[in-house]
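Take a look at the structure below.
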Amino acid sequence: DARVTQTPRHKVTEMGQEVTMRCQPILGHNTVFWYRQTMMQGLELLAYFRNRAPLDDSGMPKDRFSAEMPDATLATLKIQPSEPRDSAVYFCASGLAQGPYEQYFGPGTRLTVT
Amino acid sequence: QKEVEQNSGPLSVPEGAIASLNCTYSDRVSQSFFWYRQYSGKSPELIMSIYSNGDKEDGRFTAQLNKASQYVSLLIRDSQPSDSATYLCAVSSGGSNYKLTFGKGTLLTVNP
């Protein structure tokens, strides 16, 4: 059963701390997306990678967020330092860079910054 | 700024009825269209994709696309209480750039 996995599922941290979220895409998928979901803004694309190379991170606050893909089975999203406004659910999704261009979501990391 | 608009709802229908969910988009070059279902506290789940004008049916779900009107809809026949969820419309310009722009979703409630 091919699924995107994410860890941790929940994270509570204090303002100023570093947060690292991890994602394992579906085996064979070469495109990975990071989204953030809040009640106010809905689902927003933060960054995405193809074949491990960053293609677009224009949705990400550059001063505190960073995204990497050290290998084909791991994508990371880091926030340093974290702020209360970063509280949200962070989703990773993966897909293939060819038709039908479908994206499949992981279960998400619920982040609370106090 | 690409925009995807959905009625936030809630849309309430009785069990067994047809639920109709609508979505409009602003980018005329959009090529790929998706419907995701999201239960409360869960992640979005892909339920339908459509790329050409017309209807596409999959079980109780029918997606309809009208590119000239920049409109895509999802019909759910014989609605069940288990269909109660938020339905997200997503649009992509396709090709090598297949970033999705999501609407904010329509909350559907199916009443037994």
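Values in this text are rule-based calculations from the coordinates and carry no lab data. Please read these numbers as outputs of a predicted model, since none were measured by experiment. Because the Cβ atoms are built from the backbone with ideal geometry, glycine has one as well, and the counts that use them run over all protein chains shown.
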*Using alpha-carbon positions, what is the distance between the centroids of the range A:41-114 and the range B:36-55, in Å?*
20
*What spacing in nm lies between the two simple spin-label points modelled at A:Glu44 and A:Ile26, each 7 Å away from Cα in the Cβ direction?*
2.7
*Toward the positive end of the charge dipole of the protein assembly as shown, about the Cα centre and with charges on Cβ (Lys, Arg +1; Asp, Glu -1), which of B:Thr62, B:Ile76, A:Gln37 goes farthest?*
A:Gln37
*asked:* Relative contact order for chain A: what percent, with Cα pairs under 8 Å and sequence separation of 6 or more?
replied: 37
*With a ≥ b ≥ c taken as the square roots of the eigenvalues of the C-alpha gyration tensor of chain B, please select rounded if a/c is under 1.5 and otherwise prolate if a/b is larger than b/c or oblate if it is not?*
prolate
*Take every Cα pair under 8 Å in chain B that's 6+ residues apart, average their separations, divide by the length, and report that relative contact order as a whole percent.*
38
*asked:* If I model the protein assembly as shown as equal point scatterers sitting on the Cα atoms and use the Debye formula, what is log10 I(q)/I(0) at q = 0.13 Å⁻¹?
replied: -0.77
*Hydrodynamic radius by Kirkwood, which averages 1/r over all alpha carbon pairs of the range A:1-111, in angstrom*: 13.9
